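The values are calculated or read from the model by the stated rules, or taken from the named source; none is laboratory data. For clarity, every value in this text was computed on a predicted model and none was experimentally measured. Quick reminder, even Gly has a Cβ in these numbers, built from the backbone with ideal geometry, and neighbours come from all protein chains shown. Ligands, DNA and RNA are excluded from the accessible area calculation, which covers all protein heavy atoms including side chains. Shrake-Rupley method; radii C 1.70, N 1.55, O 1.52, S 1.80 Å.
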Amino acid sequence: MSELSQHLSPGWSRFVDRLVTIKSWLLAIGCIIMAGTFFLVVIFRYGFGSDLFAYEEWLLIICFWMYFAGAAMGTYDGSHVNADLLTYVIKDPRKAHVRAVVIGSIEFIIAMALVYWSALMIIDEIDSYPRWRATIALRIPFFVPRLAMLVGFATMAFYSLLHLIVLVKTGPAKSAAQPSVPQQDDVSLPPVMPETTKTKEPAL
């Protein structure tokens with residue numbers, strides 16, 4: 001899939017590029033923290049015979065944010081796993097365009113429903129303040145990982161809407177012009193004459 005920002009206005013293109021940059025840095029930093037944490041766990045456990053205190057709790061928060069940031073990135077570049085067989089069945093560009101618009105509309109509607117439910121969940125968490133539900137050891141509020149769900153679904157809906165707008169604006173893809181195959185000139189070959197076998201006359 002082509003870059004989404006290439007089909008947007010300069011202002012929206014810069015905004016989308018910054019969002020992608022932020023999510024890329026978030027994923028990179030999260031991977032480094034996870035790798036470093038597991039390295040320290042091995043050192044503490046097998047080197048000092050102790051355990052790293054409550055590392056599962058902060059890793060769980062990081063995994064939440066990484067998971068939904070990765071889901072948003074997958075929506076941006078269209079790399080989600082799908083089992084769409086219609087791509088190989090529909091050959092007409094106009095029908096393929098209609099199919100893409102229908103699928104994009106369904107994806108956007110589902111994403112907006114998830115955004116709505118995530119917002120209700122965040123509102124419920126805010127209403128429970130100051131008695132927020134939190135993790136056992138570090139007392140990290142459940143608001144933090146649930147906020148990742150709202151941000152992730154919101155960016156997924158945003159990217160889905162942009163893809164849908166671009167699909168409607170660009171219209172059906174024009175079929176690529178097939179290269180013309182140069183016709184070879186007929187080369188007339190001289191007819192091959194069969195060889196005549198000479199027969200010997202019987203000796204008198």
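Annotation note: Cβ proximity below 8 Å between a residue of region 85-110 that is under 24 Å from residue 153 (Cβ atoms) and a residue that is not in a helix (DSSP H, G or I) (sequence gap 6+ or interchain) occurs for 103/84.
Taken together, the residues in region 27-63 that are within 23 Å of residue 156 (Cβ to Cβ) and open to solvent by less than 70 Å² (accessible area, probe 1.4 Å) amount to 7. Kindly evaluate residue 171 against the criterion of being modelled with pLDDT of 85 or more and either farther than 30 Å from residue 59 by Cβ or in contact with a Gly (Cβ under 9 Å, 6 or more places away or on another chain) (or both). For residue 171, the condition - modelled with pLDDT of 85 or more and either farther than 30 Å from residue 59 by Cβ or in contact with a Gly (Cβ under 9 Å, 6 or more places away or on another chain) (or both) - is not met.
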